[in-house]
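All remarks here apply to the structure that follows.
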Amino acid sequence: METAPAREQQIKNLLRGTIDPHIHSGPSIAPRGLDHIELLKEASGAGMAAVVTKDHDYSGVATANLIANHYGHLATRLYSGIVLNNVVGGFNPYAVEHTAAMGGKIVWLPTLAAENHLAWEKKSSWAHPASTKKMRPATAVPATRDGRVLDEVKEVLDIIARNDMVLAAGHLHVSEIWLVFEEAKRRGATRLVVNHPEEIIDASMNDVQGLTALGARMEHSLCMFVKESKLQILQPEDLRKHIEAAGVDNTIMSTDLGQTGNIRPLEGFRHGIAMCLDLGYSEADIRKMFSTNAAKLFGFESLVQQAAA
């Protein structure tokens, strides 16, 4: 029978070379449990290959570059991107071009300002911690109308394709994701990812399978599954259903952590790896879902190779 120390060593080994592509570290208008530098130091101590920070209200690329200049000696690399919410002007081509020019790796479609998110928030018990009198409430940033992708969205998709960036679905409804991703492919974008298909976007397992067949990867927020997270709403078996629908080769794990009062992202990855081991996934499968699949999506293969060396 496997001993506790052996299990801990196994998880420690599997953490090396991992990539967490969805972390809410600070500074942010929302309360955060750690900042970007603390995140980078903790990830580096565990031998992670890369982390990607996400803020709903600003492009984190300039901050990521500053941190890289001063902490380049650490093992882990920190990257960021932009979320197309109200603060950056929604589908603002200037903001996306600037993000690309600064080395940004990912563009998230609207999240807190998505029409679908605003409708979902009204019927859920959830309120974003960034809700504050310091800012006016979010207003909708539409991506489609009457089954057609808006022209301003197409312009942004062209920028993403031209710069070979990752296009993330954000909090759009799955019916919109289909339209935008199909348009993105027509315009030459190849790096597509669906965020937390298990929540908010209203995706069915048929959607998961279909979007995977279209070329998208499914990214799962472990904060919604691990029992140690205050945001847990689902069970490990729910995660298994999603993995089996998309296939291990098309599945990416993220933590979606960083909130005040919650477990830290590194702990989220530890618990996530343990959960996948308990579900019966092999070490090879876990390395794909926690490392190499994300590396292929972002073009980070060399970072994973360096971490494993």
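The values are calculated or read from the model by the stated rules, or taken from the named source; none is laboratory data. All figures in this text were calculated on a predicted structure; none of them were measured in a lab. Cβ atoms come from the backbone with ideal geometry, glycine included; neighbour counts cover every protein chain shown.
The figures follow:
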{"quantity": "Residue 252, sole failed condition from (1) buried (at least 16 other Cβ atoms within 10 Å of the Cβ); (2) in a helix (DSSP H, G or I)", "calculated": "(2)"}
{"quantity": "Contacts under 8 angstrom Cβ, first residue in the stretch 105-128 being at negative phi, partner of a type in the set (Ser, Thr, Tyr) and outside any helix (DSSP H, G or I), 6 or more apart", "calculated": "105/79; 105/80; 106/79; 106/80; 113/139; 117/111"}
{"quantity": "Spans of helices (runs of 4 or more DSSP H) in the stretch 109-187 with at least 1 residues at pLDDT below 95", "calculated": "115-123"}
{"quantity": "Members of the stretch 66-92 found to be assigned to a helix (DSSP H, G or I), in contact with a Ser or Thr (Cβ under 9 Å, 6 or more places away or on another chain) and farther than 28 Å from residue 180 by Cα, listed by number", "calculated": "71"}
{"quantity": "Hits in the stretch 198-222 - residues which are touching a residue at least 12 places away in the same chain (Cβ under 8 Å) and over 13 Å from residue 250 (Cα atoms)", "calculated": "198, 199, 200, 201, 202, 203, 204, 205, 207, 221, 222"}
{"quantity": "Qualifying residue in the stretch 272-283 (condition: in contact (Cβ under 8 Å) with a residue 40 or more places away in the chain, under 17 Å from the mean Cα position of the chain (by Cα) and closer than 19 Å to residue 80 by Cβ)", "calculated": "no"}
{"quantity": "Output for the stretch 293-304, where each listed residue is at negative phi and either touching a Pro at 6+ places or on another chain (Cβ under 6 Å) or in contact (Cβ under 8 Å) with a residue 60 or more places away in the chain (or both)", "calculated": "293, 294, 295, 297, 298, 300, 303, 304"}
{"quantity": "Unique match (being closer than 17 Å to residue 107 by Cα and either at pLDDT below 95 or out of contact with any strand residue (DSSP E or B) (no Cβ under 6 Å at 6 or more places or on another chain) (or both)) among 86, 13", "calculated": "86"}
{"quantity": "Counted residues, the stretch 29-65 - those being farther than 19 Å from residue 290 by Cβ, within 17 Å of the chain's Cα centre (by Cα) and in a helix (DSSP H, G or I)", "calculated": "3"}
